[in-house]
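Undergrad: Supplied in structure tokens, the structure appears directly below.
The values are calculated or read from the model by the stated rules, or taken from the named source; none is laboratory data. None of these values were measured; they are calculated from a predicted model. Here the Cβ positions follow ideal geometry from the backbone for every residue, glycine too, while neighbour counts run over all protein chains shown.
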Amino acid sequence: MKRILIVEDEEMVRELTKSFAEKIGYQVIEAFNGQDGLQKFDQDNNFDLILVDILMPVMDGVKFIIKVRQKYSGPIIVMSAHTGKYTGEDITKAGANYFLPKPFRFENFESAVNSVLDKFK
């Protein structure tokens, strides 16, 4: 089964994203901020895909991506409604492969996941 790490501080969004991922056949590991995401990643970095929010407490998504990119070359999708102080260029330079604007529907989620995974085959 394919595995996905979802790093999102808003519980409702995290749960919805988890249900979308499970609907398309992923086993989901959840993290509630970038620091928690790094801890989960370090415990087991065998992920087919990482989804990460940008604006989170403790460690934001860009800092998470920079750190995880030192050990992970797979696809990373940023999902965010606001990027705060970061530009799209900052997010891309950090190592994100795709930007999925929130809010999103299942169809948008599935399309983003398939598009990114096709590029990594």
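Undergrad: Can you name the residue in the stretch 48-63 that is closer than 19 Å to ILE4 by Cβ and among the charged types (D, E, K, R) and, of all such residues, is nearest to the chain's Cα centre (by Cα)?
TA: Taking the candidates together, the pick is ASP53.
Undergrad: Out of the stretch 56-70, which residues are aliphatic (A, V, I, L, M) and either free of Cβ contacts under 8 Å to residues at least 40 places away in the same chain or in contact with a Leu (Cβ under 6 Å, 6 or more places away or on another chain) (or both)? Reasoning before the result, please.
TA: Just the residues of the stretch 56-70 that are aliphatic (A, V, I, L, M), to begin with: 56, 58-59, 62, 65-66, 68.
VAL58, MET59, VAL62, ILE65, ILE66, VAL68 - these are the residues of the stretch 56-70 that are aliphatic (A, V, I, L, M) and either free of Cβ contacts under 8 Å to residues at least 40 places away in the same chain or in contact with a Leu (Cβ under 6 Å, 6 or more places away or on another chain) (or both).
Undergrad: Residue check, LYS102 against (1) under 21 Å from PRO57 (Cβ atoms); (2) surrounded by 11 or more Cβ atoms within 10 Å (Cβ to Cβ); (3) free of Cβ contacts under 8 Å to residues at least 40 places away in the same chain, all met but one. Which one?
TA: Failing condition for LYS102: (3).
Undergrad: Suppose we keep only residues that are within 15 Å of the chain's Cα centre (by Cα) and in contact (Cβ under 8 Å) with a residue 24 or more places away in the chain within the stretch 83-99. Which one would you say is farthest from LEU55 (Cα to Cα)?
TA: So, considering only residues that are within 15 Å of the chain's Cα centre (by Cα) and in contact (Cβ under 8 Å) with a residue 24 or more places away in the chain, the one farthest from LEU55 (Cα to Cα) is GLY95.
Undergrad: Please go through the stretch 105-121 and give me each residue that is without any contact (Cβ under 8 Å) to a residue 24 or more places away in the chain and either in contact with a helix residue (DSSP H, G or I) (Cβ under 6 Å, 6 or more places away or on another chain) or part of a loop (DSSP other than H, G, I, E, B) (or both), ordered by number. Reasoning before the result, please.
TA: Our first condition is that a residue be without any contact (Cβ under 8 Å) to a residue 24 or more places away in the chain; within the stretch 105-121, this holds for 105, 107-108, 111, 114-115, 118, 121.
If the condition is that a residue be without any contact (Cβ under 8 Å) to a residue 24 or more places away in the chain and either in contact with a helix residue (DSSP H, G or I) (Cβ under 6 Å, 6 or more places away or on another chain) or part of a loop (DSSP other than H, G, I, E, B) (or both), then ARG105, LYS121 are the ones that fit.
Undergrad: Which residue is surrounded by the most Cβ atoms within 10 Å (Cβ to Cβ), if the candidates are limited to the stretch 105-121 and must be under 20 Å from VAL28 (Cα atoms) and either in contact with a Pro (Cβ under 9 Å, 6 or more places away or on another chain) or of a type in the set (S, T, N, Q) (or both)?
TA: Going through the qualifying residues, I end up with VAL113.
Undergrad: Step by step: first the residues of the stretch 33-58, then only those that are hydrophobic (A, V, I, L, M, F, W, C) and in contact with a Lys or Arg (Cβ under 8 Å, 6 or more places away or on another chain), then the one that is surrounded by the fewest Cβ atoms within 10 Å (Cβ to Cβ). Which residue is that?
TA: Checked the stretch 33-58; the qualifying residue surrounded by the fewest Cβ atoms within 10 Å (Cβ to Cβ) is LEU38.
Undergrad: Could you say whether any residue in the stretch 30-48 is in a strand (DSSP E or B) and in contact with a helix residue (DSSP H, G or I) (Cβ under 9 Å, 6 or more places away or on another chain)?
TA: There is at least one residue in the stretch 30-48 that is in a strand (DSSP E or B) and in contact with a helix residue (DSSP H, G or I) (Cβ under 9 Å, 6 or more places away or on another chain).
Undergrad: Within the stretch 78-93, how many residues turn out to be surrounded by 15 or more Cβ atoms within 10 Å (Cβ to Cβ) and under 16 Å from GLU10 (Cβ atoms)?
TA: Of the residues in that region, 4 qualify.
Undergrad: When you look at GLU15, is it within 21 Å of GLY95 (Cα to Cα), of a type outside the set (Val, Ile, Thr) and at pLDDT 95 or above, yes or no?
TA: For GLU15, the condition - within 21 Å of GLY95 (Cα to Cα), of a type outside the set (Val, Ile, Thr) and at pLDDT 95 or above - is not met.
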